[in-house]
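Visitor: Quick one: this structure, given as structure tokens, is what I'll be asking you about.
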Amino acid sequence: MGGFFATALKEDCIFDLFFGTDYHSHLGTRRGGMVVYGKEGFDRSIHNIENSPFRTKFEKDMQEMSGNLGLGCISDYEPQPLIVRSHHGTYAIMTVGKINNIDELASDIIKGSGTHFLEMSGGSINATELVAALINQKDNLIDGISYAEEKIDGSMTILVLTPKGIFCARDRMGRTPLVIGQKETGYCASFESFAYLNLGYTDYKELGPGEICLLTPESVTTLKEPGKEMKICTFLWVYYGYPPTRYEGVTVESMRNRCGAYLARRDQLSTEQIDTVAGVPDSGTAHAIGYANESKVPFSRPFIKYTPTWPRSFMPTVQNKRDLIARMKLIPVHELIENQRLLLIDDSIVRGTQLRETTAFLYRSGAKEVHVRPACPPILFGCKYINFSRSTSEQELIARRVITEEEGAVVPREVLDDYANPDSDRYERMVEKIRKQLDFTTLRYNRLDDMLDSVGIDRSRLCTWCWDGNE
């Protein structure tokens, strides 16, 4: 994923930039970066944050950098922001999204202009560098940003810092958010709406799909009107978003509470069948509270995530290390586990590895039963838009592995559609096979219709690709 924070102030912006960016640390694990523009021109710093949090790595930079315009980002992959010199002048750029046709676009640019791209480790091209190259194909930044959005297959939100101000462009289908805050001394742009509240900003506006605006310390100017069609990622509410943030006016915490309540209504379980409801911390907790409140089954915390030195939910990008850390940071409360019939809610089941480990851990700690209720439907398709998973193959998804075992290597789309239907026999067989493989007492996924109802905005404006393959 990745997150960002930008500031355009009449005063020095580094304090707001530092803490506003730090508030996005839950959205990425690999790189952090800040760039400012002031009297001395551009000043940038990028650090690896895989083994140390953003705040620790950038404290010294905060003391040394100054300027009234700034960009900050948390990146799960590319080092950024980048500073680019072109016929547009010098500017800094950062992006959030995914480019599916990156090799094709790079090849076209190389053939057309003879330029080159620096390869990162692993041979891939920095997506932000490619976006800058696309922007530079046009005569001005507004046309360049619009051109980049049109050429990219995928999703890309773009922020460009120039001496004149900060160009903010939400991706053309609005799959990721971009919100503007205001205070007396200027404006900010943020991925997460909560990130600016403690810095003294109030809500100004949320950019629409494909909208481009220019932030200066004095004003926010719309340069390109928003499009009418939106497909914001539903998984932002289910998993990625920090609890107090809002997307399209809907708070993450309230959506998760409603989501858990919908699960409880479908289940209709009581204290005669389960003893307690628990959430896999942190993103499963609010779902579990909603379930407990609706079902009247007590909520408890049978295990606690150790946050003082392990605060982030997905460290590092190598899967076996992530699995190890997932085990190490959960501490059991044996009195709340022994001889208990637990109903456990997690945000999702992706590969199944971590939840299988968690279930085994609960059994070893004395649990009598472990009933699992994921807050979203089975994930059948790899994300094409926001780097939800950098899996090299959809076969890493446990639902797809089970389908392959049932149907063979080549599965027709109409068969996949049947597996996505919670009322079909194929769906029931898939869920039962996943239950057995992961050793749950029972397993029931949230239904897509219930999950979308818990968001509460028009379903046509929500992306559901990873569950049903519909854009």
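Visitor: Please work out how much length the chain gains when fully extended from R55 to Y363, using 0.36 nm per residue of separation minus the C-alpha to C-alpha distance, in nm with one decimal.
Guide: 107.1 nm
Visitor: Counting Lys and Arg as +1 and Asp and Glu as -1, what is the net charge of the other residues whose Cβ lies under 13 Å from the Cβ of S146?
Guide: Every neighbour counted, the sum reads -2.
Visitor: Between the helical axis of 353-364 and the dominant principal axis of the chain, each derived from Cα atoms, what acute angle in degrees is found, rounded to the nearest 10?
Guide: 40
Visitor: Can you report the principal axis dimensions of the stretch 2-229 using only the alpha carbons, biggest first, rounded to whole angstrom?
Guide: That gives 47, 40, 32 Å along the principal axes, largest extent first.
Visitor: Can you tell me the relative contact order of the stretch 43-93? Whole percent, Cα pairs under 8 Å, sequence separation 6 or more.
Guide: Value for the stretch 43-93: 27 percent.
Visitor: Residue-wise, which Karplus ³J(HN,Hα) couplings in Hz belong to the stretch 202-217, taking 6.51 cos²θ - 1.76 cosθ + 1.60, θ = phi - 60°, and x for glycine or proline?
Guide: In residue order, the calculated couplings are 10, 4, 10, 6, 10, 5, x, x, x, 6, 10, 9, 10, 9, 10, x Hz.
Visitor: Using only C-alpha positions, report the orientation-averaged shadow area of the convex hull of the stretch 182-241, nm², one decimal.
Guide: 4.7
Visitor: Towards the positive end of the charge dipole of the chain, with charges on Cβ (+1 Lys, Arg; -1 Asp, Glu), say which of S86, M1, I102 has the farthest Cα.
Guide: Result: M1, furthest along the dipole toward the positive end.
Visitor: Mind jotting down the distance between the C-alpha centroids of the stretch 242-273 and the stretch 363-380, whole Å?
Guide: About 17 Å separates the Cα centre of the stretch 363-380 from the one of the stretch 242-273.
Visitor: Relative to the longest principal axis of the chain, what angle (0 to 90°, nearest 10) does the C-alpha long axis of helix 102-113 take?
Guide: 20
Visitor: Taking just the alpha-carbon atoms of the stretch 50-106, what radius of gyration and Dmax come out, in angstrom?
Guide: 14.6, 42
Visitor: Another one. Count the DSSP beta bridges whose two residues both fall in the stretch 250-468, then state the antiparallel fraction as a percent rounded to the nearest 5.
Guide: 20
Visitor: With only alpha-carbon atoms counted, please give the Rg and Dmax of the stretch 155-213, in Å.
Guide: Cα radius of gyration and Dmax of the stretch 155-213 are 11.3, 33 Å respectively.
Visitor: Could you please state, rounded to a whole Å, how far the C-alpha centre of the stretch 137-163 is from the C-alpha centre of the stretch 68-116?
Guide: So the two Cα centres are separated by 9 Å.
Visitor: Which value, in Å to one decimal place, does the Kirkwood hydrodynamic radius take for the chain when every pair of different Cα atoms is included?
Guide: Mean inverse Cα-Cα distance, inverted, gives 23.2 Å.
Visitor: List every residue whose amide H lies under 5 Å from the amide H of K224, counting only residues 5 or more places away in sequence or on a different chain, with H placed 1.01 Å from N in the peptide plane.
Guide: Amide H to amide H, under 5 Å and 5 or more residues apart or across chains, K224 pairs with I212.
Visitor: Could you tell me which of Y445, L344, I403 has its Cα farthest along the dipole of the stretch 250-468 towards the positive end, charges placed at Cβ (Lys, Arg +1; Asp, Glu -1), taken about the Cα centre?
Guide: So the residue we want is L344.
Visitor: Label-point separation (nm) for R85 and E414, each offset 7 Å from Cα along Cα-to-Cβ?
Guide: The two pseudo-label positions are separated by 6.1 nm.
Visitor: Roughly how many nanometres apart are two label points built 7 Å out from the Cα toward the Cβ at D449 and H334?
Guide: Each label point is offset 7 Å from its Cα along the Cβ direction, giving 4.7 nm.
Visitor: Based solely on its DSSP helices, what 222 nm [θ] is calculated for the chain when runs of n ≥ 4 H residues each add -39,500 (n - 2.57) and the sum is averaged over all residues, nearest 500 deg cm²/dmol?
Guide: It lands at -9500 deg cm²/dmol.
Visitor: So what are the radius of gyration and Dmax for the Cα set of the stretch 1-135, in Å?
Guide: Cα radius of gyration and Dmax of the stretch 1-135 are 15.2, 44 Å respectively.
Visitor: Let me ask you something else. When Lys and Arg each count +1 and Asp and Glu each count -1, what net charge do the other residues less than 10 Å away from M120, Cβ to Cβ, add up to?
Guide: Local net charge: -3.
Visitor: Follow-up. Averaging sequence separations of C-alpha pairs under 8 Å and six or more residues apart, then dividing by the length of the stretch 250-468, give the relative contact order as a whole percent.
Guide: Computed value for the stretch 250-468: 21 percent relative contact order.
Visitor: Give me the extension gain from K164 to F117: residue separation times 0.36 nm, minus the current Cα-Cα distance, reported in nm with one decimal.
Guide: That works out to 14.2 nm of additional length.
Visitor: DSSP beta bridges in the chain, what fraction antiparallel, as a percent rounded to 5?
Guide: Bridges in the chain that DSSP calls antiparallel: roughly 85 percent.
Visitor: What number do you get for the stretch 62-142 when its Cα radius of gyration is normalised by 2.2 N^0.38 Å, N = residues?
Guide: After normalising by residue count via 2.2 N^0.38 Å, the value is 1.18.
Visitor: Apply the Debye scattering formula to the stretch 125-228, with a single equal point scatterer on each alpha-carbon and no solvent, then give log10 I(q)/I(0) at q = 0.12, 0.18 Å⁻¹.
Guide: For the requested q values the scattering log ratios are -0.39, -0.84.
Visitor: How much net charge surrounds G67 when only other residues with a Cβ under 11 Å from its Cβ are counted (Lys, Arg +1; Asp, Glu -1)?
Guide: -2
Visitor: Also, quick follow-up: May I ask for the equivalent-ellipsoid semi-axes of the stretch 250-468, computed as the square root of five times each C-alpha gyration tensor eigenvalue and listed largest first in whole Å?
Guide: Gyration-tensor ellipsoid for the stretch 250-468: 26, 20, 18 Å.
Visitor: What is the helix-to-structure angle for 54-64, meaning the angle in degrees between its Cα long axis and the longest Cα principal axis of the chain, kept from 0 to 90 and rounded to the nearest 10?
Guide: Helix 54-64 sits at roughly 20 degrees to that axis.
Visitor: Within 10 Å of each residue's Cβ, count the other Cβ atoms and sort D16, D439, D267 from fewest upward.
Guide: Going from least to most buried by this count: D439, D267, D16.
Rule-based calculations on the coordinates, nothing more; no lab input. The model shown is predicted, which means the values in this text are computed figures rather than measured ones. For neighbour counting, all protein chains shown are included, and Cβ atoms are generated from backbone atoms with ideal geometry for every residue, glycine included.
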